[in-house]
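The block underneath contains the structure these notes are about, expressed in structure tokens.
The numbers here are math on the coordinates, done by the rules we state, and not lab data. In this text, all values refer to a predicted model and were calculated from it rather than measured experimentally. Neighbour counts run over all protein chains shown; Cβ positions are idealised from the backbone, glycine included.
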Amino acid sequence: MKVTKIYFLGIVFIILLSCTEDKTIVFNTDNSFVRFFLLVDNNNEALEFPQVNGGLQPVNSFTKNNFKILKIPVALASLNKNVITVDFKTTILNLNNIEITPQNKLTFTKDKKVDTIYVKFNERWNISKNPKLEFELTKSSDKSISIGMPNDVISNNKLTINFSKLNFTYKIANPNNQEIIGNIGEKRIINIDFPKGFIASEIANTKLLLETQSNFDYSLEQLPITKNNQISYVFTVNEHIKINVLEFKTKFELNNIANYKINGLKTVTIKKELVVDRDNTTFTAAQFYNLSDQFHRTYGEYWFDLNANGVCDWSTFNAFTFPVIVESNHPNAVLFDDKGTANPTDDIYHHAFRIGFNTPIAGRTTNSFNLKRWFTNESTNSANSPGFNITEALEFFPLNGNSKTEGFVKVVENDLQIQDRNGNNYTISISGNGTYKEISTGLIEINFELKAENTALFGGTRTAIYKLYNQRNYPKPAPINQNCNKPIEL
């Protein structure tokens with residue numbers, strides 16, 4: 001078979017895989033064959049079937065740098081019988097305590113053209129010993145099915161797994177600020193992410209969360225481990241908090257683990273906000289979002305030295321704006337959608353006085369508070385810098401509790417994770433307050449100061465001056481006689 005035809009068949013196979021949403025693959029060629037179909041993305045992550053990418057070619061070697069279960073797809077091009085089996089052999093070099101499932105035989109049917117080899121690791125590997133795994137497809141129960149693509153160029157009948165040094169990291173997963181109503185028995189889930197996995201035996205007896213402050217009774221219980229890159233706890237309120245004029249808060253910090261590095265958010269807060277007498281029918285938050293337009297934005301001006309040339313001016317920005325979802329018993333809950341059913345369990349409620357900034361585009365971030373202009377060399381995807389999406393950002397307090405035109409505003413206290421393009425993480429704690437007022441019919445202007453604390457970045461606390469508007473067209477603010485900040489290179 002000519003190389004051009006081989007290449008064409010490989011591309012067709014990838015395209016057909018990328019169009020498949022289940023485990024059924026239809027592939028017609030002059031030859032039926034079975035081969036390893038491990039795809040690796042630009043981040044050295046092995047894709048898990050049925051996750052595919054039409055721009056990637058199956059690899060014949062892969063260097064593993066994490067401790068997650070390795071899932072190796074093996075794909076069959078076509079099948080005329082109801083079921084066949086394919087044997088494979090494994091060579092294990094300088095690796096201990098690993099589990100391979102199945103051990104030596106794969107099964108395919110007309111409805112299942114892809115089977116998977118699972119490799120689970122239970123012990124650290126020693127990189128100095130050059131550990132390695134070698135897989136080879138050896139025999140099919142149907143002799144008409146070739147082992148590997150029938151050529152000498154890209155047959156993929158063998159697969160080598162090499163290993164690099166393990167650098168384990170962990171962090172608190174978002175949301176790291178969670179609100180409670182204050183009812184006894186109320187629960188919240190706290191997740192701790194291990195992006196490259198973890199070794200269960202190394203953390204089995206470690207208390208991962210340490211309380212740094214609390215003024216109410218609670219319990220904390222680790223849940224059974226069901227993922228190889230996350231450990232979860234359930235937080236339970238053990239008293240009925242009846243006082244509304246005080247704030248109640250419990251805060252945890254990640255404990256240090258030997259041979260693991262905290263890389264991201266290290267604190268989580270469970271808080272019962274003080275209850276302010278406000279008329280929920282005022283529904284101030286609704287004036288800042290429009291769910292019929294997923295790209296609806298809030299528009300803003302930030303007093304800033306954007307060009308770092310010693311000249312302060314208003315810097316224009318915008319951010320996608322969304323409601324804050326709350327439970328039905330929240331004191332500021334407003335029913336948004338009952339789903340057209342009499343069943344209250346599927347009802348959706350919005351916070352009458354809070355808004356957040358997020359993006360409708362998966363994996364991306366919006367420009368909350370113009371924070372992306374605060375820095376240079378920042379990573380802006382949501383996996384690295386989730387802090388650019390602030391899902392609970394501003395809270396409104398109408399004058400006299402019911403004014404539809406003016407009042408006070410508070411920046412919701414948050415710890416934000418930002419990462420630079422070199423992989424360094426920064427946690428920025430934000431707070432702030434100000435006022436808002438309707439300056440013309442339907443146009444609301446918010447004036448506030450935002451305080452951001454991080455010693456490494458700001459030498460302490462940075463204060464920033466903002467104006468936000470609920471509409472695109474607003475009067476350009478006049479210059480003010482105030483100092484301003486410059487961008488910081490991460």
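Quick notes on this structure:
- A simple rule links phi to the HN-Hα coupling: the Karplus curve 6.51 cos²θ - 1.76 cosθ + 1.60 with θ = phi - 60°, which for the range 445-459 gives 10, 10, 10, 7, 10, 10, 10, 10, 10, 6, 5, 5, 7, 10, x Hz, with x for Gly and Pro.
- Put simply, the convex hull of the Cα atoms in the range 297-402 casts, on average, a shadow of 9.5 nm².
- Approximating the spin labels as points 7 Å out from Cα along Cα→Cβ, the Asn402-to-Arg421 distance works out to 5.5 nm.
- For the range 213-230, 3J(HN,Hα) computed residue by residue from phi via the Karplus equation (6.51, -1.76, 1.60; θ = phi - 60°) reads 6, 6, 10, 8, 7, 8, 10, 9, 10, 6, 7, x, 7, 10, 10, 8, 9, 7 Hz, glycine and proline entered as x.
- Dipole of the chain computed with +1 at Lys/Arg Cβ and -1 at Asp/Glu Cβ about the Cα centre; of Val326, Thr91, Leu416, farthest Cα towards the positive end is Thr91.
- Using only side-chain charges placed at the Cβ, +1 for Lys and Arg and -1 for Asp and Glu, the dipole size of the chain relative to its Cα centre rounds to 1760 debye.
- Amide H to amide H, with H built 1.01 Å from N, Ser315 comes under 5 Å of Tyr302, Trp303, Phe304, counting only residues 5 or more places away or on other chains.
- Hull-based mean projected area of the chain, where the convex hull spans the alpha carbons, in square nanometres: 29.6 nm²
- Volume in Å³ per residue [convex hull over Cα atoms, computed for the range 432-490]: 114 Å³
- Estimated FRET transfer efficiency (Ala342, Glu438; beta-carbon r; R0 30 Å; 0.05): 0.20
- Pairs exceeding a 18 Å alpha-carbon distance, out of Lys81/Lys139; Lys266/Lys486; Lys251/Lys271; Lys81/Lys112; Lys227/Lys266: Lys266/Lys486; Lys227/Lys266.
- Assuming charge only on the beta carbon of Lys and Arg (+1) and of Asp and Glu (-1), the dipole of the range 431-490 about its Cα centre is about 140 debye to the nearest 20.
- Enclosing the Cα atoms of the range 167-274 in their convex hull gives a volume equal to 91 cubic angstrom per residue.
- In sequence order, calculated HN-Hα J values of the range 371-376 (Karplus, 6.51, -1.76, 1.60; Hz; x Gly/Pro): 5, 5, 7, 5, 10, 10
- For the range 56-102, trypsin sites (Lys or Arg not before Pro) are listed when DSSP marks them as loop and at most 12 other Cβ atoms sit within 10 Å of their Cβ; the list is Lys81.
- Each peptide in 245-252, 351-358 gets a packing score, the mean of other Cβ atoms within 10 Å over its residues, and the list from highest to lowest is 351-358, 245-252.
- Within straight-line cross-link reach of Lys437, lysines at Cα separation under 21 Å, skipping those fewer than 8 residues along the same chain: Lys404, Lys410, Lys467, Lys476
- Ranking of Ile180, Ile361 by neighbouring Cβ atoms within 10 Å, starting from the fewest: Ile361, Ile180.
- Taking the C-alpha atoms only, the angle from helix 3-18 to the longest principal axis of the chain is near 40 degrees.
- Positive dipole terminus of the chain, leading residue within Asn481, Val40, Asn290 (C-beta point charges): Val40
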